[in-house]
Amino acid sequence: METERTLVLGIGNTLLSDEGVGIHVINYLTAAYPDTTGVSFVDGGTLSFTLAHLLVENQRVIVVDAARTGGAPGTLVVLEAEEMDRYLMGNRSSVHEVGLMDLLDIARLSDHYPSHRALIGIEPESLEWGEQPSAVVAVVVPKAAEQVMALVHKWDGGENS
């Protein structure tokens, strides 16, 4: 059986410091893991319906974004499956969550809802103008990348891992 493809989608605006952390994680992953079979690292920018086709092409999705979860700046959370769904439906604290829910709804309605899905969220410190994340968020970028790869490996191990 063919291995399921994984989309790692970083979202954010790199002109608003920590808001762009998802893109910074994608850039890190692209440099650190350039030849990862079955995984696509995609800069999703500030989201668009043009990304919907990616959910059709990939059975698994990991979204990386700045997310307000109530933790201290730089706090990293990993929300899988229904936990991710609950967060997105009940918490509209990120600029992108409405668009992300819309994309997932398109996938659900077209019968392409990801079999595995997760949100890796990083609590922002600053959403002011700036092309780099704040120091407290920047140190979390490699940790977020490690979490992405840990999920990919976990999911590659089968349903029971």
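The values are calculated or read from the model by the stated rules, or taken from the named source; none is laboratory data. Quantities reported herein were computed from a predicted structural model and do not represent experimental measurements. Positions of Cβ are backbone-derived with ideal geometry, glycine not excepted, and every protein chain shown enters the neighbour counts. Note: accessible area is taken over every heavy atom of the protein model, side chains too, but ligands, DNA and RNA are not part of it. Shrake-Rupley method; radii C 1.70, N 1.55, O 1.52, S 1.80 Å.
Taken over segment 96-146, the criterion of being under 20 Å from N13 (Cβ atoms) and of a type in the set (F, W, Y) is satisfied by W129 alone. Looking only at residues of segment 33-70 that are among the small types (G, A, S) and within 26 Å of L127 (Cβ to Cβ), we find that the one that is most open to solvent (accessible area, probe 1.4 Å) is G70. Criterion applied to E19, E4 was being touching a helix residue (DSSP H, G or I) at 6+ places or on another chain (Cβ under 9 Å), among the acidic types (D, E) and touching a residue at least 24 places away in the same chain (Cβ under 8 Å), and the one residue passing it is E4.
Please count how many residues of segment 29-55 are in a helix (DSSP H, G or I) and among the hydrophobic types (A, V, I, L, M, F, W, C). Full working, then the answer.
Narrowing segment 29-55 to residues in a helix (DSSP H, G or I): 29-32, 49-55.
Remaining after also requiring among the hydrophobic types (A, V, I, L, M, F, W, C): 29, 31-32, 49, 51-52, 54-55.
Looking only at that region, the number is 8.
Taking the listed residues L88, L119, the one that is touching a helix residue (DSSP H, G or I) at 6+ places or on another chain (Cβ under 7 Å), under 21 Å from T30 (Cβ atoms), open to solvent by less than 20 Å² (accessible area, probe 1.4 Å) and not in a loop (DSSP other than H, G, I, E, B) is L119, with no other qualifying. Of all residue pairs spaced 6 or more apart or on separate chains, those with beta-carbon atoms under 7 Å, a first member in segment 124-141 that is open to solvent by 70 Å² or more (accessible area, probe 1.4 Å) and a second member that is β-branched (V, I, T) are E125/V136; E125/V137; E131/T14.
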